[in-house]
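A short reminder: the numbers here are calculations on the coordinates, not readings from a lab. The model shown is predicted, which means the values in this text are computed figures rather than measured ones. For neighbour counting, all protein chains shown are included, and Cβ atoms are generated from backbone atoms with ideal geometry for every residue, glycine included.
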Amino acid sequence: MTKPPDDIQLDRPLEFRSADGDLHVRIALAALQRADRSCRLAHPLETGGILAGYYSPNRDCALIERLSRAPLDSRRQRRSFQRGVRQLQTWLELLRKQHGMFYIGEWHYHPGTSVTPSRRDLTEMRVIASSPAYNCPEPLLLILGASVCKPSRISVSIIPAVGERITLTPVEPAR
Ligand SMILES: [Zn+2]
């Protein structure tokens, strides 16, 4: 079993890996800073958006470079978040043209300390995973949780259309 995540500082890039070490996810500092701002502004409501970035050529590493803000047509509540779609396509298109990035998953904020995906989170991710419109069969789900009213916990999962969710754990930075 994975141990509960410790509090973390969102001031440096983070890396996560699967238990077998075969899959890695790196989160760029710019993405974490965006998450930090968005979560603080939204607290005590949930918020979220989408993830943009790259996969390594052999697809064993995903690089989360950017997080979108919550689209204006999203619905934010204390215990639920329904992501809207307004402007997302434009945002993605710009990142694709300028940096070759594309959609790689979803993020959202749980104002409580739990960063475990809810049943509904998993259902929504499976819908995305099997949707041709997203063209992303193994989307990432990044969840930020709070302690003392700011984001300080993170979970990263891969949710394939069929089969078990893969939970990744933080890799300690090399010093
Ligand atoms: Zn959730």
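Volume of the convex hull of the chain (Cα atoms only), normalised per residue: 121 Å³. Taking amide H as placed 1.01 Å from N in the peptide plane, Ile104 has its amide H under 5 Å from the amide H of Leu51, Ala52, Gly53, each at least 5 places away in sequence or on another chain. Under 5 Å from the amide H of Ala70 lie the amide H atoms of Gly48, each residue being 5 or more positions distant or on a separate chain, with H modelled from the backbone and absent for Pro and chain starts. Per the Cα gyration tensor, region 78-118 maps to an equivalent ellipsoid with semi-axes of 27, 12, 7 Å, ordered largest to smallest.
With contributions of -39500 (n - 2.57) from each DSSP H run of at least four residues, the per-residue ellipticity at 222 nm computed over the chain stands at -6500 deg cm²/dmol. Projecting the Cα positions of Phe16, Val156, Gly48 onto the charge dipole of the chain (unit charges on Cβ atoms of Lys, Arg, Asp and Glu, taken about the Cα centre) puts Gly48 furthest along the positive direction. When you count the other C-beta atoms within 10 angstrom of each residue and take the mean per peptide, 103-109, 44-50 line up highest first as 103-109, 44-50. Distance from a point 7 Å along Cα→Cβ of Ser118 to each backbone N in region 46-85: keep the residues under 15 Å and list them by number. The answer is 46-49, 75-84, whose backbone nitrogens lie closer than 15 Å to the label point.
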